[in-house]
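Below is one structure; the comments refer to it alone.
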Amino acid sequence: MTTVSTPAPSRTSLIRWHHLYYVSAALVVMIVAIVLRDLWFLNYVHVLAGLMWTGIDLFMGFVVGPMIRRLAPETRRQVVLALTPRTLFLLPTLATITGTTGWYLAVERGYTQLEWPHYGWVAAALALTTLMAIQGTGFLLPTNLRVCMELAKEKPDHTWIARTMSRFYYVVGLQGVMQMLIIIIMARFATGI
C-alpha cells in the first residue's frame, strides 16, 4: 500500500480570512442581545459562548494537548496545521462574547451593585475572564500561530518548536484551571448569590 504525502500548506493559507464573516455575524448577535436588553436572549448568548469557549479550552487542554504530544512529529505537524486555522478566529471571538455579555448581564441583574463579600464573586469572575482573555490573545494565540507557521515551512526548526510548546502546555494547563474556577463561580451565580 502506497501512501501519498500532501505538501504542507503555504503560510498564507493558514489564515482563512473568510472566517471573519462568521466572527462578524457572531459579534452582531452579541450587539443585538446587548441593545435589546432582553435578559433571556443576553443570557442565552452568554451561556452558549461561555460553554463553547470553556468546553473547547478544556477539551484542547486536557484531551487534544496530551494526545498531540505523543504523536509522531509528522502526524503532530499535520494535526496542528489542520487545527490552528480552525481555532484562530473561533476562540478569541468566544472569549470576547462571553466576557462582554457577562458584564452586561451582571449590570442588568444588579450584581455590580452588591455589597462585599457578595461582590467578591463578581470581582473574581471579572478577574478570571480578563486574565483568560489576555492570556489567550496575548500568549496562546500568537504562540500557536508562530508554531503553526514554523511547521508549515519545508524544514521546520523542531528544537525551537519543542522548547516553545513546553511553555505553551503549562499555560494551557493554567487556562484549564481558570476555566474550572469560572465554572464554580458561574454555578454560584446560577444558584443565587
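The values are calculated or read from the model by the stated rules, or taken from the named source; none is laboratory data. These figures come from a predicted structure and were not determined experimentally. Quick reminder, even Gly has a Cβ in these numbers, built from the backbone with ideal geometry, and neighbours come from all protein chains shown.
Key figures
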| read-out | value |
| --- | --- |
| Of all residues in the stretch 37-47 being farther than 16 Å from residue 189 by Cβ and modelled with pLDDT under 95, the one that is surrounded by the most Cβ atoms within 10 Å (Cβ to Cβ) | 38 |
| Where residue 84 falls short, out of the listed (1) at pLDDT 85 or above; (2) within 23 Å of residue 22 (Cα to Cα); (3) of a type in the set (Val, Ile, Thr) | (1) |
| Boolean, residue 14 is without any contact (Cβ under 8 Å) to a residue 12 or more places away in the chain and more than 22 Å from residue 133 (Cβ to Cβ) | no |
| Listing of helices (runs of 4 or more DSSP H) fully contained in the stretch 8-114 that carry 2 or more residues being of a type outside the set (Gly, Ala, Ser) and over 20 Å from residue 127 (Cα atoms) | 11-14, 19-36, 39-59, 65-69, 73-87 |
| Residue within the stretch 144-161 that is loosely packed, with under 13 Cβ neighbours inside 10 Å and of a type in the set (Asp, Glu) present | yes |
| Near pairs, Cβ below 9 angstrom, 6+ apart or cross-chain, from the stretch 19-42 (in contact (Cβ under 8 Å) with a residue 12 or more places away in the chain) to any residue that is exposed (fewer than 15 other Cβ atoms within 10 Å of the Cβ) | 19/86; 33/44; 42/36 |
| Some residue of the stretch 109-123 being modelled with pLDDT under 90, surrounded by 15 or more Cβ atoms within 10 Å (Cβ to Cβ) and charged (D, E, K, R) | yes |
| Residue identified as at pLDDT 90 or above and either of a type in the set (Asp, Glu) or surrounded by 12 or more Cβ atoms within 10 Å (Cβ to Cβ) (or both) among 33, 8, 25 | 33 |
| Matching residues in the stretch 98-139 - criterion: being of a type outside the set (S, T, N, Q), under 17 Å from residue 183 (Cβ atoms) and within 13 Å of the chain's Cα centre (by Cα) | 99, 131, 132, 133, 136 |
| Which listed residue, of 62, 89, is modelled with pLDDT under 85, out of contact with any Lys or Arg (no Cβ under 9 Å at 6 or more places or on another chain) and among the hydrophobic types (A, V, I, L, M, F, W, C) | 62 |
